[in-house]
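First the structure, in the form of C-alpha cells, and then the observations on it.
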Amino acid sequence: MSGDIKNFFVPKTIAVIGASDNPLKVGNVLMKKLCECKRKVIPINIKRPTVAGKKAYPNVLKYPGKIDLAVIAIPAKFVNSALIECGKKKIKSVIVISSGFGEVGNKRLENQMLNTAKKYKIRILGPNCFGVANPYLKLDTTFSNTSPQPGNIAFISQSGALWSYISDFNFKFSGFVSLGNMSDLTFSDFIEYFNKDKKTKKIILYIEKLKLGKKFIEICRKSKKQIIIIKAGKTKKGSEAAISHTGSLATDFAVYRGAFKQAKVKVVDSLAEALGIKKEKIKLKSKKAKIITNAGGAAALLTDYLTQQGIEVQVKDLLGTALAKDYKKEIKRSKGQLVVVLTPQKMSEPTKTAQVIPKSAIACFLGKKSLQRAVKILKTKNIKYYTRCC
C-alpha cells in the first residue's frame, strides 16, 4: 500500500491552503469540517494570523512541523505556486479542490500543475474535485451537508455532488473519494487501496470516463470485493452533460460495456440501485426538458435516463455553490418543462430554493435528512418531487 495514498485517508497533520473565516468560502467549510476530526489541522492564509481560532501560516513552508496532507482551495492561477511550496515542504499527498482547469479548457494550467507534481513526486487528487471522507476518523474534506456513520461501503466517484446525495441517507461508509479531473490519481489507484482495506466490503464507482482502461480491468478482476458501477454518458446528450463539469468526454458506451464485462463487475442504472433502494422513475408529458442543477453528475445520469425516453434535454449546471437566488434567476429566463435538481451541499439553500420553484416544474431534491423542510414546502405548493431518482 502506497503511503502517499494512505495519507489521503489517515493523515496525522492536514494543511488547508485557502483556509478562511468567511462563511461563503470553500476554505471555511473545510476548516469547520476538519476541525471535527481527531487530526491536527493547520490553516494556511496569506493575510490572516488566525483562522477558526487556530494560528495561521502564510504558506506551508512557514509551519515548523511535518505535514501529511494538503488540501488546496484557492483560485486556479495560484495553485501551481502553492504546489511548489508543498513540494519544497516534502508533502507527498495533495487534494486540489480548486476548479478552473481542464474542465473549462485550461489544459495548460493543469499540465503545469502536473509537471510540478511529478518534479516533487507529489500524488494529486483532482483538480476540480470534492475531496475525500473517512467516516472512521470523522475526516471529511467535502462540502456535503451531512457526514455519514462508519460502515463497509466505499464510494469512488467522478462527481462530488453525488456524495452529497447518498451521504444524506442512513447508509454507512468506509470511505469516499471524488476524483475530479483525474489529472494524476484514477479509479485504479483507489480501487487498489480499498481492496486492501479490511473495513471495506463493497466498492461503488460512478464513472464518466476511464483512464488506463487496461489497468482498470486488471485491478477489478483481481478484486475479492464486490464492485458495482454506475456509468454516465450512455447517450450522446449524457456525455455532453458530463463534459460540462469534469471535461469527461465519454467513449461510446458499447466500448465501456465490453470493458466492464472483462472486468467482471456489476453494472447498474443508478446509485439508488447500487445501494439497494428503489429508484424513482420520472415521467414527463413534454418531449423537451431543461435541467437546472447544482450537481453535474446527477444531471448527466438524468440526461441519459430522459434521453432514452425520447426526451430532448438541455442542461444548465449552476455548480455546487449555487444559492436559491441563482436558481431563481435561471428559472426566470427558462421556458418549457423544467427539472430542478438539488443535492444538499454545505452552501445549498434547499428550503429557499423550494420556495422559488414554479408549480409547473419537477423537483429532484436528492437526499433525505437535509431536505425534510424543503420537501414539506414542495408538498404544500403541490409540486411533483423526487428524492432518489438517480
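The values are calculated or read from the model by the stated rules, or taken from the named source; none is laboratory data. Everything quoted here is computed from the prediction, not taken from an experiment. Cβ coordinates were reconstructed from backbone atoms using ideal geometry, including for glycine residues, and neighbour counts include every protein chain displayed.
Of all residues in the stretch 33-53, those satisfying the criterion of being closer than 27 Å to Glu349 by Cβ and either of a type in the set (Gly, Ala, Ser) or without any contact (Cβ under 8 Å) to a residue 24 or more places away in the chain (or both) are Cys35, Ala52, Gly53.
Listed by position, the strands (runs of 3 or more DSSP E) inside the stretch 119-200 whose residues that are touching a strand residue (DSSP E or B) at 6+ places or on another chain (Cβ under 9 Å) and surrounded by fewer than 19 Cβ atoms within 10 Å (Cβ to Cβ) number at least 3 are 150-157. Restricting Ser370, Ser360 to those that are outside any helix (DSSP H, G or I) and among the hydroxyl-bearing types (Ser, Thr, Tyr) reduces the list to Ser360. Among the residues in the stretch 304-312, are any of a type in the set (Asp, Glu) and either surrounded by 22 or more Cβ atoms within 10 Å (Cβ to Cβ) or over 23 Å from the mean Cα position of the chain (by Cα) (or both)? Yes.
Okay, residues lined up against (1) surrounded by fewer than 17 Cβ atoms within 10 Å (Cβ to Cβ); (2) within 23 Å of the chain's Cα centre (by Cα); (3) closer than 19 Å to Cys86 by Cα; (4) not assigned by TED's automatic domain parsing to the domain that holds Ser98:
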{"site": "Phe9", "(1), (2), (3), (4)": "no, yes, yes, no"}
{"site": "Ala15", "(1), (2), (3), (4)": "no, yes, yes, no"}
{"site": "Gly18", "(1), (2), (3), (4)": "no, yes, yes, no"}
{"site": "Val26", "(1), (2), (3), (4)": "no, yes, no, no"}
{"site": "Cys35", "(1), (2), (3), (4)": "yes, yes, no, no"}
{"site": "Ile42", "(1), (2), (3), (4)": "no, no, yes, no"}
{"site": "Arg48", "(1), (2), (3), (4)": "yes, no, no, no"}
{"site": "Val51", "(1), (2), (3), (4)": "no, no, no, no"}
{"site": "Ala56", "(1), (2), (3), (4)": "no, no, yes, no"}
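The set of residues in the stretch 68-122 that are at positive phi and in contact with a helix residue (DSSP H, G or I) (Cβ under 7 Å, 6 or more places away or on another chain) contains only Gly100.
Can you tell me which residue among Asp326, Asp269, Asp317 is under 22 Å from the mean Cα position of the chain (by Cα) and in the same structural domain as Leu179 (by TED's automatic domain parsing)? Show your work before the answer.
Working: Asp326 fails: in the same structural domain as Leu179 (by TED's automatic domain parsing); Asp317 fails: in the same structural domain as Leu179 (by TED's automatic domain parsing).
Going through Asp326, Asp269, Asp317 in turn, just one is under 22 Å from the mean Cα position of the chain (by Cα) and in the same structural domain as Leu179 (by TED's automatic domain parsing): Asp269.
Only one entry in Ala374, Ala363 is under 26 Å from Lys32 (Cα atoms), at pLDDT 95 or above and outside the structural domain of Ala73 (by TED's automatic domain parsing), namely Ala374.
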